[in-house]
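Every number here is computed from the coordinates shown, using simple stated rules; none is lab data. Every value quoted in this text rests on a predicted model; they were computed, and no experiment measured them. Here the Cβ is made from the backbone with ideal geometry for all residues, glycine too, and neighbour counts use every protein chain on show.
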Amino acid sequence: MRIRMTDGRTLVGLFLCTDRDCNVILGSAQEFLKSTDSFSQGEPRVLGLAMIPGHHVVSIERLLGSPYGLQRM
């Protein structure tokens, strides 16, 4: 699952759960910072378990294939 946040960061990881406030928990999460160069994402930062507050979520995408693949459904 890929989640884009209001501050430009993108988190990619395995969806674990959500709650009534729309907070999302990702497992094995990696963080990609907003790049000034639109062609490169840079090196990811490994976060592990991450909680994303619902009010910071801009978009959520389900990725097909491997957990960090780039195919969208």
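For region 1-10, give me each residue that is under 14 Å from ARG62 (Cβ atoms) and aliphatic (A, V, I, L, M).
MET1, ILE3
Looking at region 5-22 only, could you name the residues that are under 13 Å from LEU49 (Cβ atoms) and more than 12 Å from the chain's Cα centre (by Cα)? Even if it seems obvious, please write down each step before you answer.
The first filter runs over region 5-22 and keeps only residues under 13 Å from LEU49 (Cβ atoms), leaving 11, 13-17.
Those that are under 13 Å from LEU49 (Cβ atoms) and more than 12 Å from the chain's Cα centre (by Cα): LEU16, CYS17.
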